[in-house]
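Bear in mind these aren't lab numbers, they're just calculated from the coordinates by the rules spelled out. Everything quoted here is computed from the prediction, not taken from an experiment. FYI the Cβ positions are ideal-geometry reconstructions off the backbone, even for glycines, and counts take in every protein chain you see.
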Amino acid sequence: MSELSLVQAVNAALKRAMSEDASVLVLGEDVGINGGVFRATDGLFNIFGEQRVLDTPLAEASIAGVSIGLATQGFRPVAEIQFTGFAYVCIDQILNHASRLRARTRGRLSCPMVLRSPAGGGIKAVEHHSESPEAMFVHIPGIKVVMPSSPARAYGLLLSAIRDPDPVVFLEPTRLYRAAREDVSDDGAGMPLGQCVTLRPGRDVTIVSWGAMIREALEAAEQLAADNIEAEIIDVATLKPLDSATILNSVGRTGRLIVVHEAPMSCGFGAEIAARVAGHAITSLLAPIERVTGYDTMMPYPRTEAHYMPSVAAILAGVQRTMAYT
Amino acid sequence: MKIFVLPDLGEGLADAEIVSWHVSEGDHVVIDQPLLAVETEKAVVEIPSPQAGHIGKLLTKAGERVKVGAPLLEFDEGTHAESGAVVGQLAEPSAATRRTLMVPSPSASTPPSIIRTSPAVRARARELGVDLSRVMASGPDNTITLADLQAAVFQSGAAQASQTLRGARRTMATNMARAWREVVHATVQDYADIEAWAQDENVTSRLVRGLITGCQTEPALNASFDLSSLSLRENPTINLGLAIDSPEGLFVPVLRDVARGTPLDWRRQIDEFKRGIQDRSLAPADLRGATISLSNFGSIAGRYASLIVMPPQVAILGVGRIVAHAVRASDGIALHRTLPLSLSFDHRAVTGGMAARFLRAVIADLETAV
Amino acid sequence: MASVADGNSMHRVLDVDGKVVGNFPKFASDPDELLRLYRILVLTRTFDTKAIALQRTGQLGTYASSLGQEAVSVGAAAAMQPDDVFLPSFREHGGQLWRGATLNELFLYWGGDERGNDFAGPRGDFPNCATVGSHPPHAVGVALAFRLRGEQRASVCIFGDGATSKGDFAEALNMAGVWQVPAVFVINSNGWAISVPRARQSAAATLAQKAVAAGIPGEQVDGNDVIAVRSVTERALTRARQGHGPSLIEAVTYRLCDHTTSDDASRYRDDAEVSRHWPAEPLVRLRNFLVSARHWDKDKEEALLHECNGAVEQAAKEYLATPPQPIAANFDYTYAATPAELAEQREAAIAIAHGAA
């Protein structure tokens, strides 16, 4: 056990996976000697060498495309896209090829690859470096989409993603990379994909989120508790496939749902969760479903960024709106 | 259609066997493009296309022997519908789909009043049998919250379901509402001094006899009024509707042609009605056709009342509780037993004078000893 | 190694009339090898004709003919070893047949059935790539795998002249050059990308010289000369297996057919131009050589035509008699293990399909 930040947990998981399975490769820009711009692959080049940690030319679409080729030949490539702002060009390779290779060859070829990339804002980064593209990936059939919210979960989820036989998009909240440290057991235990995690039980309202926003959600729950409102906090963790059962069960008990995400509101993943709850738990709802999200604008430049990011206050206001229907 | 025939292959050959077609119907071909392979004695040769165009129809099959000059294929001379697509099949619109269906957008008129509440509250209200239209909303946007529902249930006492009226009570509700809407009610009240009666005198029999006397004196009070024709029809018989209260509600069975019967007849008929009400064997016919009604509410309590006239009747006599009344006697004041009477009538058909004269006759009959 | 930018002429062994004009490669000395090549060329064209006919009668989906371009994929595939990996675009039917894909599998694919991609023979080959130019990076990844494991295998990736304008193509060549992977990229340079002629696709004098930007060898070959195509590809593959990295081969041919059966090339292309290219077509050239070298004759030609027609007819019949898979199959192969949320949809789809039946 050691205290690790989220990015250190990613690093530990990569090292563990590469130690256990010689078919695991890391590739991307600056992942070799430099250890990745966020140091996610720090030290791997020294341990495993240039045959397993490959610096690529600057070509994100081909990083994904080459990963596909490698994956069909028995390797398990873990490709790093430096920022999700650069991952959009990968969507063609992921959507048109990686996601459907198994289905269109009736299982003859398949694509066990991981595409990992830092996502989300609140880091006062230059433009294009604060993207939240998870909904776009979730909309692709045939892949899995994971977004951890803590160092320990990042470790376990990444191991499971690497071991998964299907393509996984692994989005790492940049804002959490170094934000907090916690005990992470480097035991090689994978955290199962496809399961939500209830981080805090509650009776009055269900708050669902993922990634960096989990911090704000937990903070909001603390403040609500002082007002005798118990919020149940659910970390989605795996956006695709979604563990609807945990969310539906929670809303069945609380009758109130708030979904929180940084990504813009329209067609954000919160809309999918809202639709599933409306479809399967409508008679449990005491109040309308609230989505506390980013706006349908670009992420503003750093000076105004704080006003875009969903805040604890915004979450509290959302909760209050639902509690008015008591 | 331009026909292409097997050309002269030279060397005196008269025919050839088709070995293989290289093109299909519908293909676009160009000059010199090989169309088919034929086998001659010397070789397998390709026959090139004499023109550019579309293959319309292949007229020979592989394996057939054809003579020089025999038709091989037809070129399609017509214009070709172009698919205008790189892949797949795009459907053309059919005549049916060409009609566009315009759904008019809903006008901005005020929607009917709706109950705003959440699905959970709605479900709970259904369980409790609570009519949400009666629940006060205190939530945002005039929404009924769970607390509102619970408060409404608390206020109404035990979680009792509100009843939908059925049977006699339902009938009474609708009939009374209609009567109130149509009839112009007026009431005249007085009392009869029944000091002369024997102690065991049957009140109902005396009242029926009194009513008969009244109707005989003023037949207009036993008439039927029809508003649509503004007509009043005096009824040949007196069919007396007798109001009877029961746990199931108000019943008004009809004693037909009471003038013809005796007090014994009346009593027997009334007993039958009471049994019929109790065991619910009363026939609907028993409740129809009253020409005048009598309500002895005084058997329970009450003195004077303004009762409801049930059209097409024009009168109802209400009888209150027997009460001791101070009257002028020969030697001062005496207390006599008196019977309060309230005659409610439909002033569209009956005048005050008629009513008063009717009542005077009833009272006169009641005040006799026997 | 001299590249096309140095002004190397196009590699050619047989001229248009089938006369030997270039260095005769070793395999060509074996008549049986040449006959193998010729048979597959004829089989490809027979299949091609039948596929068009089936499409015209509504029994096959949109189909991309390989008319006149058969030698490119057949020649390239013939240079490969069985455990190499073939990555076609969508016009390499001949190459697929050479590699062991069956006529039935090809009919299934073009008929709209995924089982057509489940090759019983070449288990490692990629299926067609309809998103033009997006598969060169896959070829790089496959070749990289071979290099990392020290295997003597290679990937061969074929695409058209239009694909060379794509970013993915440039990225792939670049990466292949940086990593010196055993990948051979073959351009089926047939002069047309649907209606866009070669002159408007790129200002480069040759497409082969795009290799210069990637730092890899590039050369042109007469794409209608199957012997030359195979020869050049063999040399490129030898270089690749010896660790000398990737190559780009531009096989110059001509698209004698429409882009697909949904295209009408007469809208944008002069018939006279097409006519002018017919004499150079690949089958006649090789046949003429074979006949003049006394390896072939009329009886053999007829027999081959009968045999190919028979095989194609039989395969077409089998395909037409094959019922489509149930909708459940689409769900069963989306993931290795179907997640619960998808299993629900699977049940719903099955229920609706049964209701409609």
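Computed from point charges on the beta carbon alone (+1 for Lys and Arg, -1 for Asp and Glu), the dipole magnitude for region A:197-323 about its Cα centre is near 240 Debye.
Over chain B, all Cα pairs binned in 20 Å intervals from 0 give whole-percent P(r) values of 19, 24, 15, 8, 11, 14, 7, 1, 0, listed from short to long.
Identify, among A:I233, A:A281, A:L316, the residue whose Cα sits farthest towards the positive end of the charge dipole of region A:197-323, taking +1 on the Cβ of Lys and Arg and -1 on the Cβ of Asp and Glu, with the dipole about the Cα centre. The listed residue farthest towards the positive side: A:A281.
Helical content of chain B, expressed as a calculated mean residue ellipticity at 222 nm, amounts to -7500 deg cm²/dmol (DSSP H runs of 4 or more residues, -39,500 (n - 2.57) each, divided by residue number, nearest 500).
Roughly what would the spin-label model give for A:A22 and C:A321, points 7 Å off Cα along C-beta, in nm? Computed distance between label sites A:A22 and C:A321 equals 4.9 nm.
Spacing of the modelled spin labels on B:R178 and A:R203, each 7 Å from Cα toward Cβ, amounts to 5.6 nm. Note that chain A shows a convex hull volume over its alpha carbon atoms of 126 Å³ per residue. Taken about its Cα centre, chain A carries a charge dipole of roughly 800 debye when the Cβ of each Lys and Arg holds +1 and the Cβ of each Asp and Glu holds -1.
Its alpha carbons considered, the protein assembly as shown gives a radius of gyration followed by a Dmax of 47.7, 165 Å. Around the Cα centre of the protein assembly as shown, unit charges on the Cβ atoms of Lys, Arg, Asp and Glu (plus for the first two, minus for the last two) sum to a dipole of about 3040 debye. Give, in nm to one decimal, the length gained when the segment between C:R241 and C:I352 is fully stretched (0.36 nm per residue of separation minus the Cα-Cα distance). Result: 34.7 nm gained on full extension. Rounded to the nearest 0.05, the FRET efficiency derived from the C-beta distance between A:R253 and B:L128 at R0 = 25 Å is 0.75.
Between C:R255 and C:W192, the built amide H atoms are under 5 Å apart, and every one of these is 5 or more places off in sequence or on another chain.
Comparing mean-square fluctuations of C:T46, C:T57, C:T334 from a GNM of chain C with C-alpha springs under 10 Å, the top value falls on C:T334. The DSSP beta bridges internal to region A:2-184 are antiparallel in roughly 15% of cases. In the neighborhood of A:R215, defined by Cβ-to-Cβ distances under 15 Å, what is the net charge if each Lys or Arg adds +1 and each Asp or Glu adds -1? Result for the neighbourhood of A:R215: -2.
Distance between the modelled labels on B:K274 and B:E17, one decimal in nanometres: 11.9 nm (7 Å Cα→Cβ projection).
If each residue of separation counts as 0.36 nm, what is the full-extension length gain between B:A137 and B:A285 once their alpha-carbon separation is subtracted?
Details: separation 148, 0.36 × 148 = 53.28 nm, distance 4.71 nm.
Full-extension gain reported as 48.6 nm.
Pairs over the 20 Å Cα-Cα cut-off, from the set B:K67/C:K317; A:K124/A:K240; C:K166/C:K210; B:K2/B:K61; A:K15/A:K240; B:K61/C:K50: B:K67/C:K317; A:K124/A:K240; A:K15/A:K240.
Build a GNM of chain C with springs between Cα atoms under 10 Å apart, and of C:V229, C:V132, C:V74 the one that fluctuates most is C:V132. Each Lys or Arg adds one and each Asp or Glu takes one away; over the other residues whose Cβ falls under 11 Å from the Cβ of C:G167, this sums to -3. Please name which of B:Q89, B:A14, C:A343 has its Cα lying farthest along the dipole of the protein assembly as shown towards the positive end, using unit charges on Cβ (Lys, Arg +1; Asp, Glu -1) and the Cα centre as origin. Farthest along the dipole direction, towards plus: C:A343.
Compute the Cα gyration tensor for chain C, then decide on rounded, prolate or oblate, letting a ≥ b ≥ c be the square roots of its eigenvalues: rounded whenever a/c is under 1.5, prolate when a/b is larger than b/c in the other cases, and oblate in all that remain.
Working: a/c = 1.64, a/b = 1.24, b/c = 1.32.
Taking the square roots of the gyration eigenvalues as a ≥ b ≥ c, chain C is oblate.
Based on Cα contacts under 8 Å between residues 6+ apart, chain A shows a relative contact order of 16 percent.
Here the Debye sum runs over all C-alpha atoms of region A:188-258 as equal scatterers in vacuum, and log10 of I(q)/I(0) at q = 0.24 Å⁻¹ comes out as -1.03.
Within straight-line reach of C:K26, meaning a Cα separation under 25 Å, sit the following lysines at least 8 residues removed in sequence or on another chain: C:K300.
Which percent, nearest 5, of DSSP beta bridges in region A:196-277 are antiparallel? Here the antiparallel bridges make up roughly 25 percent for region A:196-277.
Throw me the Rg/Rh for region B:255-345, computed over C-alpha atoms with Kirkwood Rh, two decimals. Rounded to two decimals, Rg over Rh is 1.08. By DSSP, the beta bridges lying fully in the protein assembly as shown are antiparallel in about 50 percent of cases. The share of Cα pairs per 5 Å bin across region A:2-184, counted from zero up to the longest distance, runs 1, 9, 18, 23, 23, 15, 7, 2, 1, 0 percent. Between helix A:312-323 and chain A there is an angle of about 50 degrees, using the helix long axis and the longest principal axis of the Cα atoms.
For chain C, modelled as a GNM whose springs connect Cα atoms under 10 angstrom apart, the maximal fluctuation among C:S231, C:S65, C:S202 occurs at C:S202.
Toward the positive end of the charge dipole of chain C, with +1 on the Cβ of Lys and Arg and -1 on the Cβ of Asp and Glu, the farthest Cα among C:G61, C:P197, C:P326 is that of C:P197. Assuming R0 = 30 Å, can you tell me the calculated FRET efficiency for the pair C:S195 and B:K2, based on Cβ-Cβ distance, to the nearest 0.05? Efficiency, rounded to the nearest 0.05: 0.65. Multiplying the residue separation of C:V212 and C:A130 by 0.36 nm and subtracting their alpha-carbon distance yields 26.8 nm.
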